[in-house]
Amino acid sequence: MNFDTMTDQLAEPAPIELEGRKIFGDYTVKKKLGEGGMGAVYLVENDEIGHRMAIKVLHGHVGGNSEMAKRFNREAKAIARLTSQNTIRVFIFGRTEDNLTYLGMEFVKGKSLRDVLFEEGPFDTKRCINILRQCLHALHEAHELGIVHRDLKPDNIMITEYRSTTDFVKVLDFGIAKVKEPDGKPTQKLTQAGVVYGTPEYLSPEQAQALPLDGRSDLYSLGVILYEMVTGKVPFESATAVGILSHHVYTEPTPPSQACRHPVDPRVEKIILKSLLKDPDQRHQSAMDFLQELEDIENDLTGGKATRTAMIDPRQLHMVMQAARARQAGADASASTFDMERTAPMNDPRLQAQPQPTPAPQHTPQPGPQTAPGPQGQFRGHTQQTVQNPAPQDRSMVLYGVIGLLAVILLVLLAALAWVSLTDSGATPPAIEEAAPATEAADP
């Protein structure tokens, strides 16, 4: 078993100096952001619209190394398939005129989790859950697509601000990711048998032994990161890389509560120790299993007001979290009461405390618009308690009264029309014609 960690078997690179150059059209290289053994990262900006990107450029001698070039190409393909808001986005991939291979990515202005831990760590439970939640959403999508990161560590997790959101996470550097093609077939193997790739402090036992890996290896690495966020230190340390890897394989970690002086939530400690079990079958089996346990704790800490995201599509996470924050920030007591009353069930104690109207005797009210079921088949209890439907008998009496009044008006109109007709024709009413002779006979 070979415990050698990845090292670049390459000559010392000549420095890349690209500041001020134009690249892929209207972008200008502004400044160098960092440089390593394989290449350098630059900030570039579009001259017309001000759009910024970070470009990773391979050193010339590395680009000529077929394995390194293929690994760089694989990183581009892996990131291009990922759409989670918590994964760094890739925009462009190609070569410059002088044959330098580059990868244009989203520019993230922030700090690595490593730097934030150094400046502000250890973190409280809520902050740990918030950061890990976003990492787990990013990993969930990657694992669903058959991508295993294999090099998760605080250096590859960026903490930034996004709109009004602090501690917004971006997962970086899929350069040594294990990738399956969309048809489910593994990509060409670019690593050597028996050679360990990754960072010793964060490797899973199976990765330390160069065994086949799946997403549970990444979850082990996240367990190490959670351990470090809670305690301020990694679970295993040694003077050599081989010593650290041996600890991952054979040594049980010190419980977090014994590794630091401040109190540690026992439920968080239980999750950490589960994530660091040697056997992958005994750990969390998926990113969402891991997240579900964390959000159960968060729900208890917030009194049942946590926004559960364990079943949410990673692409929808930001919309859900943004809506949850807006709801919590904008809700007041009256709005909450109104919202609860609109759909309150019949056994709601607030409704039972209200004066109840006396039901109409001798008849059973029929269901009307006010007692119709709501969208879920549940009656709108508050409206039903405060609004009475008119009794059927009362409605009938009103109807009969209206009909009678209309009949009287009609009869009056008919009589008036008959009288006008007789007057216009000059006819004398029969009663007057019969009375006239009697009057004349009476005169002397």
Residue in the stretch 331-349 that is surrounded by fewer than 12 Cβ atoms within 10 Å (Cβ to Cβ), within 27 Å of D124 (Cα to Cα) and at pLDDT below 95 present: yes
Hey, M229 part of a helix (DSSP H, G or I), touching a residue at least 60 places away in the same chain (Cβ under 8 Å), within 19 Å of V148 (Cβ to Cβ) and not small (G, A, S) or not: no
Tally of residues being without any contact (Cβ under 8 Å) to a residue 12 or more places away in the chain and either buried (at least 21 other Cβ atoms within 10 Å of the Cβ) or charged (D, E, K, R) (or both) across the stretch 116-140: 3
Looking only at the stretch 1-33, and only at residues there that are assigned to a strand (DSSP E or B) and modelled with pLDDT of 85 or more, the one that is surrounded by the most Cβ atoms within 10 Å (Cβ to Cβ): Y27
Filter pass, A210 being touching a Gly at 6+ places or on another chain (Cβ under 8 Å) and modelled with pLDDT under 95: yes
Selection status of L213, touching a His at 6+ places or on another chain (Cβ under 7 Å) and closer than 21 Å to L136 by Cα: no
Residue in the stretch 105-146 that is farthest from H51 (Cα to Cα), counting only those that are of a type in the set (A, V, I, L, M, F, W, C) and touching a Lys or Arg at 6+ places or on another chain (Cβ under 7 Å): L145
Condition broken by G104, with the remaining ones in (1) more than 25 Å from the chain's Cα centre (by Cα); (2) outside any strand (DSSP E or B); (3) under 14 Å from L172 (Cα atoms); (4) among the small types (G, A, S) satisfied: (2)
Filtered residues of the stretch 144-162 (kept if touching a strand residue (DSSP E or B) at 6+ places or on another chain (Cβ under 8 Å) and not aliphatic (A, V, I, L, M)): G146, H149, R150, P154, D155, N156, T160, E161, Y162
The one condition in (1) out of contact with any helix residue (DSSP H, G or I) (no Cβ under 8 Å at 6 or more places or on another chain); (2) surrounded by 16 or more Cβ atoms within 10 Å (Cβ to Cβ); (3) touching a residue at least 40 places away in the same chain (Cβ under 8 Å) that L276 fails to fulfil: (1)
Selected residue [buried (at least 17 other Cβ atoms within 10 Å of the Cβ) and part of a loop (DSSP other than H, G, I, E, B)] from P253, P212, P263: P253
Leading residue by the ranking (modelled with the highest pLDDT) among those in the stretch 307-318 that are under 23 Å from S275 (Cβ atoms) and surrounded by fewer than 19 Cβ atoms within 10 Å (Cβ to Cβ): R308
Test for T231: is it at pLDDT 95 or above and closer than 21 Å to D124 by Cβ: yes
Residue within the stretch 282-289 that is under 27 Å from the mean Cα position of the chain (by Cα), polar (S, T, N, Q), at pLDDT below 95 and not in a helix (DSSP H, G or I) present: no
Subset tally (residues that are of a type in the set (D, E, K, R), modelled with pLDDT under 90 and part of a loop (DSSP other than H, G, I, E, B)) for the stretch 151-188: 5
Selection within the stretch 235-248 - surrounded by 16 or more Cβ atoms within 10 Å (Cβ to Cβ) and either aromatic (F, W, Y) or without any contact (Cβ under 8 Å) to a residue 60 or more places away in the chain (or both): P235, F236, I244, H247, H248
Residue in the stretch 75-94 that is assigned to a helix (DSSP H, G or I), among the β-branched types (V, I, T), at pLDDT 70 or above and within 30 Å of T165 (Cβ to Cβ) present: yes
Criterion (under 22 Å from L33 (Cβ atoms) and buried (at least 17 other Cβ atoms within 10 Å of the Cβ)) met by exactly one of N86, N73: N86
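The values are calculated or read from the model by the stated rules, or taken from the named source; none is laboratory data. Everything numeric in this text was worked out from a predicted model, so none of it was measured. Glycine also receives a Cβ, built like all others from the backbone with ideal geometry; neighbour counts cover every protein chain displayed.
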